[in-house]
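The values are calculated or read from the model by the stated rules, or taken from the named source; none is laboratory data. Bear in mind the structure is a predicted one, so any value in this text is a computation, not a measurement. Note that each Cβ is placed from the backbone with ideal geometry, even for glycine, and that neighbours are counted across all protein chains shown. In case anyone asks, the SASA skips ligands and DNA or RNA and just uses the protein heavy atoms, side chains included. Shrake-Rupley method; radii C 1.70, N 1.55, O 1.52, S 1.80 Å.
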Amino acid sequence: MIGQAADMPSAGELFFILHIMVQIAVVMRVLEHPRRQPTSRIAWLVVVLALPLVGIIAYLMLGETNIGRRNREAMLALEDVRKNFSAGQEYSADNPDFVPSEYAHLFSVGYSISGFPAVAGNQAELMADSLVAIERIVSDIDAARSSVDVLFYIWLTDGSGVKVVEALTRAAMRGVACRAMVDGLGSRKLLRSKIWKKMSKAGVSAAVALPLGNPILSPLQGRMDLRNHRKIVVVDGAITYCGSQNCADDAFRIKAKFAPWVDLMVRFTGPVAQQNQALFDMDWAVYAGEEVEVQLPAQQPVCGDIVAQVVASGPILRYSAMPELFLSLIYRSRRELVISTPYYVPTQAMQEALCASAYRGVQTTLILPARNDSREVAAASRSYYAQLLEAGVHIHEYQGGLLHSKSLTLDGDITLVGSANMDQRSFDLNFENNILIYSPSVTASVRERQQAYLESARVVTLEEVANWSLGRRLWNNAVAMLGPIL
């Protein structure tokens, strides 16, 4: 008996064997999981093998895009709706007659992602700044006759946030159907506030996208860092806003040391508003648990000459959707390509596309913030500078605050605005909404705004990057290596 007891493995040995078995199972899951880029597999293998226990826990919590069974089933149930938006409409995704043939394929990419057709007959106005954007939103809500729908990733209880809450409350009290939705993480302070409860009591229907649950049980119900990053305002189904701005002052109280936050917001009127309405309705159906009839009207109001298209993406919807749109736009550039984004952690294909753009003679400009609210993302971004600069891409770092604007202008004709950044989080983990625009006039307005960014930015040179210290280069590259899992 004593000899047999001596042969029994100790508790420590049993734990070690169990750990190795779990580690092997996780490694196999990393290798066989579908829809994963090779760089992401390598990054996760490094984490799981180099940090055994921590790496296993990190992968189980953050390694896969599990949004929870109920949310997933609700979203998949809406896929047929999404695919049939254009039913009964005379529209060719390959060659809409109101878009020049050289740009038609760009809208075909957008159509393949979300099912929204490119629609003509819109007007668009670029808001002067964040304060003006909030004032116009409040004014439109105050003038609403039938409905107001609002969705923000971050909604603060500051001056701007309170103004919008009060406008919704006034609208609901006069009989307008008002719905407000926020992300459970980004707007957690608002959700705990008195004004959110007061707004609901006044008759505003409220919902939380991806609510934060029990921190212990939440990982079992879905990945915690999947977020609804969209910014949508729709008034009377005829007016909509799209851009980078959250419902907050530019002082951005929760990260004030990076202020002012510089955003870009566009106000649209016309049929594209119905597309944002349909997108909001789908989110509402999922997160509020209410059945909503999601459809585009057969006859849509025409009020201008701008062509626009909503392009929405999400982690369980079209895989690599937003990268495909960015790549299509970059490769279409012939004369000038200007991009502003706060977070640049590209896919390899996107990095190579920007380099190829510069190599073929396109004036290619990338505008990034000099001070980023994410130290890790800033480091990863800068790891790509040398290759971009060697190819001839012009890099400018904005000095006047945190440049949060997400904009792309192409050859004086095409503009992309919205919520999506050029990083792995926007590509793989966030629900995003952008609007693709064909309009020389709108593109000129956005390009003028980009020029204002450039005038408040400093030029980054290849010589400067070459003179960075060894420690800085090692840090940047090490963080970038983990970019696919940031």
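If a residue must be over 26 Å from residue 441 (Cα atoms), assigned to a helix (DSSP H, G or I) and in contact (Cβ under 8 Å) with a residue 40 or more places away in the chain, how many such residues does region 251-276 contain? Don't jump to the end; show me each part of the working.
Pass one, region 251-276, residues over 26 Å from residue 441 (Cα atoms): 251-260.
Cutting the leftovers down to assigned to a helix (DSSP H, G or I) gives us 253-258.
When the remaining residues are screened for being in contact (Cβ under 8 Å) with a residue 40 or more places away in the chain, the result is 253-255, 258.
Total satisfying the criteria: 4.
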Single condition residue 126 does not satisfy, out of (1) open to solvent by 10 Å² or more (accessible area, probe 1.4 Å); (2) at pLDDT below 95; (3) hydrophobic (A, V, I, L, M, F, W, C): (2)
Entirely in region 382-486, the helices (runs of 4 or more DSSP H) that have 3 or more residues that are among the hydroxyl-bearing types (Ser, Thr, Tyr): 440-455
Name the residue that is nearest to the chain's Cα centre (by Cα), counting only residues in region 113-123 that are farther than 21 Å from residue 292 by Cβ and open to solvent by less than 10 Å² (accessible area, probe 1.4 Å). 118
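Can you say whether residue 187 is of a type in the set (Ser, Thr, Tyr), surrounded by 19 or more Cβ atoms within 10 Å (Cβ to Cβ), touching a helix residue (DSSP H, G or I) at 6+ places or on another chain (Cβ under 7 Å) and closer than 25 Å to residue 418 by Cβ, as far as the supplied structure shows? Working first, answer last.
Values: of a type in the set (Ser, Thr, Tyr): yes; surrounded by 19 or more Cβ atoms within 10 Å (Cβ to Cβ): yes; touching a helix residue (DSSP H, G or I) at 6+ places or on another chain (Cβ under 7 Å): no; closer than 25 Å to residue 418 by Cβ: yes.
Criteria not met by residue 187.
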State which residue pairs qualify: first residue acidic (Asp, Glu) and inside region 157-181, second residue crowded, with 23+ Cβ neighbours inside 10 Å in any location, beta carbons under 8 Å apart, and separation of 6 or more residues or different chains. 158/248
Check region 348-366 and report whether any residue there is modelled with pLDDT under 95 and open to solvent by 30 Å² or more (accessible area, probe 1.4 Å). yes
So if I check each of 330, 339, which one is among the β-branched types (Val, Ile, Thr) and part of a helix (DSSP H, G or I)? 330
Applying the selection to region 348-368, what residues are under 30 Å from residue 256 (Cα atoms) and either in a loop (DSSP other than H, G, I, E, B) or in contact (Cβ under 8 Å) with a residue 60 or more places away in the chain (or both)? 365, 367
What are the residues in region 277-295 that are touching a residue at least 60 places away in the same chain (Cβ under 8 Å), assigned to a loop (DSSP other than H, G, I, E, B) and among the β-branched types (Val, Ile, Thr), if any? 294
Within region 129-157, work out how many residues are more than 19 Å from the chain's Cα centre (by Cα) and open to solvent by 10 Å² or more (accessible area, probe 1.4 Å). 14
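Looking at 428, 423, which is the one that is acidic (Asp, Glu), at pLDDT below 95 and open to solvent by less than 20 Å² (accessible area, probe 1.4 Å)?
Working: 428 fails: open to solvent by less than 20 Å² (accessible area, probe 1.4 Å).
Of 428, 423, the one residue that is acidic (Asp, Glu), at pLDDT below 95 and open to solvent by less than 20 Å² (accessible area, probe 1.4 Å) is 423.
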Taking only region 168-184 into account, find how many residues are under 26 Å from residue 419 (Cα atoms) and buried (at least 22 other Cβ atoms within 10 Å of the Cβ). 7
In region 223-269, the residues that are among the small types (Gly, Ala, Ser) and either surrounded by 24 or more Cβ atoms within 10 Å (Cβ to Cβ) or under 17 Å from the mean Cα position of the chain (by Cα) (or both): 243, 244, 248
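For region 328-343, give me each residue that is farther than 28 Å from residue 401 by Cα and not basic (Lys, Arg). Steps first, answer last, please.
Start the filter on region 328-343 by keeping residues that are farther than 28 Å from residue 401 by Cα, which leaves 328, 331-335.
The answer is 328, 331, 333.
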Condition first: at pLDDT below 95, over 18 Å from residue 244 (Cα atoms) and among the β-branched types (Val, Ile, Thr). Can you find one or more residues in region 387-407 that meet it? no
Yes/no for residue 439 being of a type in the set (Gly, Ala, Ser) and either more than 20 Å from the chain's Cα centre (by Cα) or open to solvent by 30 Å² or more (accessible area, probe 1.4 Å) (or both): yes
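Restricting the search to region 447-486, which residues are among the hydroxyl-bearing types (Ser, Thr, Tyr) and in contact (Cβ under 8 Å) with a residue 12 or more places away in the chain?
To start, the set of residues in region 447-486 that are among the hydroxyl-bearing types (Ser, Thr, Tyr) comprises 453, 456, 461, 469.
Listed by number, the residues that qualify are 453, 456, 461.
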Residue 185 is checked against (1) in contact (Cβ under 8 Å) with a residue 60 or more places away in the chain; (2) under 18 Å from residue 248 (Cα atoms); (3) within 19 Å of the chain's Cα centre (by Cα) and fails just one. What number does that condition carry? (1)
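Which of the residues belonging to region 286-342 are at pLDDT 80 or above, open to solvent by 20 Å² or more (accessible area, probe 1.4 Å) and over 30 Å from residue 363 (Cβ atoms)?
Restricting attention to region 286-342, the residues satisfying the condition of being at pLDDT 80 or above are 286-290, 305-315, 320-342.
Those left that are additionally open to solvent by 20 Å² or more (accessible area, probe 1.4 Å): 287-290, 305, 320, 324, 327-328, 331-332, 334-336.
Within region 286-342, 287, 288, 289, 290 meet the criteria.
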